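Have a look at the structure below before the remarks.
The values are calculated or read from the model by the stated rules, or taken from the named source; none is laboratory data. Model, not experiment: these values are computed from the prediction. With ideal geometry, Cβ positions are generated from the backbone for all residues, glycine too; neighbour counts draw on all protein chains shown.
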Amino acid sequence: MKREKGMWSDRGVSETIGFIIIFGIVMTGIGIVTLYGYPALMQEQENANIKNMEKNMLVLQSDLRTLTYKNVPYQETAIQVSGGTLSIKEDPDPAWPYFTISIPGYPPITHYPGELKFIAGNGDANIVLENGAVHLRYWYDPEGSAMLANPSWFYDPATKTYVVQLIRLNASSDFGQTGIGTVRMQISESSPPQTYPITGPVTISYQANPAEDYMTAWKNYFDSPELQMTYNIAESAGRNISYDLDASAVELVVKKYNVTVLSL
């Protein structure tokens with residue numbers, strides 16, 4: 001805009017230039033939001049989905065304890081699975097993972113636990129219910145895992161007695177579920193508690209599945225002070241960890257349960 005003979009003129013003003021400037025500012029803002037804001041928003045949503053499934057798994061662990069500890073024959077819980085898939089196999093993997101309990105004077109006890117597993121949609125994390133424990137694992141750490149909730153294993157220092165639960169999870173069919181569903185579980189088989197007098201070193205071992213490794217979670221649990229177990233370095237190798245029970249223990253009680261998932 002310029003002044004001619006005491007008057008202002010707008011012949012020097014271009015609406016096109018103004019539009020281009022404003023359009024450029026808008027597109028720059030959209031680009032910044034798309035580049036930085038959207039990925040952050042998606043990451044927050046994924047974290048929220050994982051937190052939600054952690055809570056769901058703790059609820060299912062509570063159902064499992066009700067079935068095994070309180071001897072309730074059937075449990076049913078409605079959950080929402082978002083940001084991934086909840087699945088279970090009809091039968092546990094016959095190769096691994098598995099637990100072995102070696103007791104002097106008795107045949108070794110081998111237990112294949114099976115698992116109820118949540119896989120995040122982006123494949124970054126797994127949350128697993130295995131032998132009564134809840135694990136979390138992020139795939140960017142191949143050997144890292146954490147136990148979110150402990151299994152029902154106990155040691156009573158007063159009576160020098162260990163109590164170990166071995167829970168096998170299977171299903172009436174291979175299941176996978178997303179969205180809102182109902183997890184129905186029932187006790188399909190249980191054995192009376194077996195009591196073993198301890199007359200020598202008793203060793204409990206865990207052999208991890210190399211493809212889905214929760215060894216670190218179990219190792220941290222076995223190292224907990226309340227169990228008073230000792231790491232057996234001679235028997236541990238690769239993805240196998242072995243621990244000896246307290247040398248002063250006099251009795252081991254083993255409880256076995258077979259829990260069938262009827263639907264997800």
Problem set entry | Top-ranked residue of region 51-74 - restricted to ones that are surrounded by fewer than 18 Cβ atoms within 10 Å (Cβ to Cβ) and of a type in the set (A, V, I, L, M), ranked as modelled with the lowest pLDDT | Val72
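For residues that are of a type in the set (A, V, I, L, M) and surrounded by fewer than 13 Cβ atoms within 10 Å (Cβ to Cβ), scanning just region 188-246, find the one that is modelled with the lowest pLDDT.
Ala211
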Seminar exercise, completed: Here, strands (runs of 3 or more DSSP E) confined to region 127-242 with at least 3 residues that are more than 28 Å from Ala78 (Cβ to Cβ) and either among the β-branched types (Val, Ile, Thr) or in contact with a Lys or Arg (Cβ under 9 Å, 6 or more places away or on another chain) (or both) are 161-171, 203-207
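For region 88-111, enumerate the residues that are of a type in the set (Val, Ile, Thr) and surrounded by 17 or more Cβ atoms within 10 Å (Cβ to Cβ). First the steps, then the outcome.
Of region 88-111, the ones of a type in the set (Val, Ile, Thr) are 88, 100-101, 103, 109-110.
Listed by number, the residues that qualify are Ile88, Ile101, Ile103, Ile109.
Out of Asp213, Asp246, which single residue is within 19 Å of the chain's Cα centre (by Cα) and charged (D, E, K, R)?
Numbers: Asp246 fails: within 19 Å of the chain's Cα centre (by Cα).
The match here is Asp213.
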